[in-house]
1. For residue 55, are the conditions met, namely being open to solvent by 70 Å² or more (accessible area, probe 1.4 Å) and touching a helix residue (DSSP H, G or I) at 6+ places or on another chain (Cβ under 8 Å)?
2. From 29, 8, grab the single residue that is among the acidic types (Asp, Glu) and closer than 18 Å to residue 99 by Cβ.
3. Pick from 87, 103: which is in contact with a Pro (Cβ under 8 Å, 6 or more places away or on another chain) and of a type in the set (Gly, Ala, Ser)?
4. How many of the residues making up segment 86-107 are aliphatic (A, V, I, L, M) and open to solvent by 20 Å² or more (accessible area, probe 1.4 Å)?
5. Checking the structure you have, find out if any residue of segment 8-22 is in contact with a Lys or Arg (Cβ under 9 Å, 6 or more places away or on another chain) and more than 18 Å from residue 109 (Cα to Cα).
6. Suppose the filter is among the hydroxyl-bearing types (Ser, Thr, Tyr) and within 25 Å of residue 6 (Cα to Cα); does residue 86 pass it?
7. Check segment 38-48 and report whether any residue there is at negative phi and free of Cβ contacts under 8 Å to residues at least 24 places away in the same chain.
8. How many residues are in a loop (DSSP other than H, G, I, E, B) and either over 13 Å from the mean Cα position of the chain (by Cα) or not small (Gly, Ala, Ser) (or both) when one looks only at segment 44-96?
Amino acid sequence: MPRAILDEAQIHPAVRQFVATHHADVVREVQAAAAQHAVLVVGMKQNPFPRKARRLLDNAGVPYHYLEYGSYLSQWRRRNALKMWTGWPTFPMVFVKGMLVGGANDLARLINSGELTRLLAG
């Protein structure tokens, strides 16, 4: 089932450019890192779940790249652009071979089931 995204025809022409380019730099940065690294964790300061994801990967011996965007009080607009792009509402955002696999708890399930090893091997 595809996720609902507002059709471009339903966005007034005067704001389409703004919608299309709003913090596009951060989206491009994450896209590039996800393409370059087998595992990417995108997080923020003060949030324990990005630390949990990194700890899970460390304990599993899985190398990863980490990008951090602000804290609860800073860079929220940049993080919001990532949320809008991915549809994922929280941090961390964990990517495996360019695919969003969820957050820290989702990563734990992948590790515990052996699915992460299969994804990385494929």
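1. Numbers: open to solvent by 70 Å² or more (accessible area, probe 1.4 Å): yes; touching a helix residue (DSSP H, G or I) at 6+ places or on another chain (Cβ under 8 Å): no.
Criteria not met by residue 55.
2. Details: 8 fails: closer than 18 Å to residue 99 by Cβ.
Criteria check complete, one pass: 29.
3. Working: 87 fails: in contact with a Pro (Cβ under 8 Å, 6 or more places away or on another chain).
None of the other options fit; the residue is 103.
4. At the first step, the residues of segment 86-107 found to be aliphatic (A, V, I, L, M) are 93-94, 96, 99-101, 104, 107.
With open to solvent by 20 Å² or more (accessible area, probe 1.4 Å) added as a condition, the list becomes 99-101.
Counting residues in segment 86-107 that are aliphatic (A, V, I, L, M) and open to solvent by 20 Å² or more (accessible area, probe 1.4 Å) gives 3.
5. Applying the first criterion (in contact with a Lys or Arg (Cβ under 9 Å, 6 or more places away or on another chain)) to segment 8-22 yields 8, 22.
Pick out the ones that are also more than 18 Å from residue 109 (Cα to Cα) and you get 8, 22.
Yes - at least one qualifying residue is present in segment 8-22.
6. On the way: among the hydroxyl-bearing types (Ser, Thr, Tyr): yes; within 25 Å of residue 6 (Cα to Cα): yes.
Yes: the conditions hold for residue 86.
7. Within segment 38-48, the first condition is being at negative phi, and the residues that meet it are 38-45, 47-48.
So of that shortlist, the ones also free of Cβ contacts under 8 Å to residues at least 24 places away in the same chain come out as 48.
Yes, some residue in segment 38-48 is at negative phi and free of Cβ contacts under 8 Å to residues at least 24 places away in the same chain.
8. Here is the first cut: in segment 44-96, the ones in a loop (DSSP other than H, G, I, E, B) are 44-47, 61-64, 69-70, 72-73, 75, 87-92.
When the remaining residues are screened for being either over 13 Å from the mean Cα position of the chain (by Cα) or not small (Gly, Ala, Ser) (or both), the result is 44-47, 61-64, 69-70, 72-73, 75, 88-92.
Total meeting the criteria: 18.
The values are calculated or read from the model by the stated rules, or taken from the named source; none is laboratory data. Given the structure is predicted, the values throughout are model-derived calculations rather than measurements. For neighbour counting, all protein chains shown are included, and Cβ atoms are generated from backbone atoms with ideal geometry for every residue, glycine included. Surface areas here come from the heavy atoms of the whole protein model, side chains and all, with no ligands, DNA or RNA. Shrake-Rupley method; radii C 1.70, N 1.55, O 1.52, S 1.80 Å.
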